[in-house]
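Scroll down for the structure; my scribbles are underneath it.
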Amino acid sequence: MPVDTVHMHAYQSEMASEFDLCLVLNAQMAARALTRLADRKFRRYGITAAQFSILTSLAEHPGRSVTQMASALAMDRSTLSRNLALLERNGLVTTMAAERGNGRVRALSEQGSQVVAEAIPQWRNQQSELRAALDDPEFPTVIAALRQLARL
């Protein structure tokens with residue numbers, strides 16, 4: 001039986017369009033693009049976008065355990081631990097004994113606080129650029145939708 005290439009092509013075109021609208025694919029592509037952009041901007045401070053998030057988390061929420069930080073940042077504990085170790089080797093983070101138990105907590109070093117303070121204006125500028133790049137001016141709606149998806 002001959003293959004109906006005319007209808008097969010139309011079917012494949014429809015599938016490509018359907019898959020092009022995949023939320024997972026588009027979220028991953030957007031996340032990768034944003035991460036690459038932010039990594040380029042933060043390179044001058046010797047950190048990555050992920051490390052900036054870790055440093056600002058330490059600044060905003062001191063005393064959190066690695067588990068608490070990983071949960072708040074939606075990051076694997078192992079990825080967070082590797083980044084914390086690197087940040088500590090680079091002098092941006094310090095480790096202290098926890099107030100209770102035998103755990104450890106991380107804190108920004110003086111140098112880490114300085115890097116965050118220097119990087120925040122760049123981050124704010126980048127946030128403004130990204131907001132302006134969105135076609136829909138309802139930026140709060142975009143953020144609310146992303147947060148809703150992150151809770152799944």
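We did not get these values from a lab; they are worked out from the coordinates using the rules stated. Here the structure is a predicted model, which is why all the values come from computation and not from measurement. Note: ideal-geometry Cβ built from the backbone for every residue, glycine included; neighbour counts use all protein chains shown.
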Practice task
Specify which of the listed residues (105, 116) is surrounded by 13 or more Cβ atoms within 10 Å (Cβ to Cβ) and in contact with a Lys or Arg (Cβ under 8 Å, 6 or more places away or on another chain).
Solution key: 105
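A quick yes/no check of all residues on (1) touching a strand residue (DSSP E or B) at 6+ places or on another chain (Cβ under 8 Å); (2) free of Cβ contacts under 8 Å to residues at least 24 places away in the same chain; (3) closer than 12 Å to residue 57 by Cα; (4) of a type in the set (Ser, Thr, Tyr):
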{"residue": "73", "(1), (2), (3), (4)": "no, yes, yes, no"}
{"residue": "77", "(1), (2), (3), (4)": "no, yes, no, no"}
{"residue": "81", "(1), (2), (3), (4)": "no, yes, no, yes"}
{"residue": "90", "(1), (2), (3), (4)": "no, no, no, no"}
{"residue": "96", "(1), (2), (3), (4)": "yes, yes, no, no"}
{"residue": "100", "(1), (2), (3), (4)": "no, yes, no, no"}
{"residue": "106", "(1), (2), (3), (4)": "yes, no, yes, no"}
{"residue": "109", "(1), (2), (3), (4)": "yes, yes, no, yes"}
Practice task
Take the residues in region 29-76 that are charged (D, E, K, R) and part of a helix (DSSP H, G or I), then tell me which one is surrounded by the most Cβ atoms within 10 Å (Cβ to Cβ).
Solution key: 41
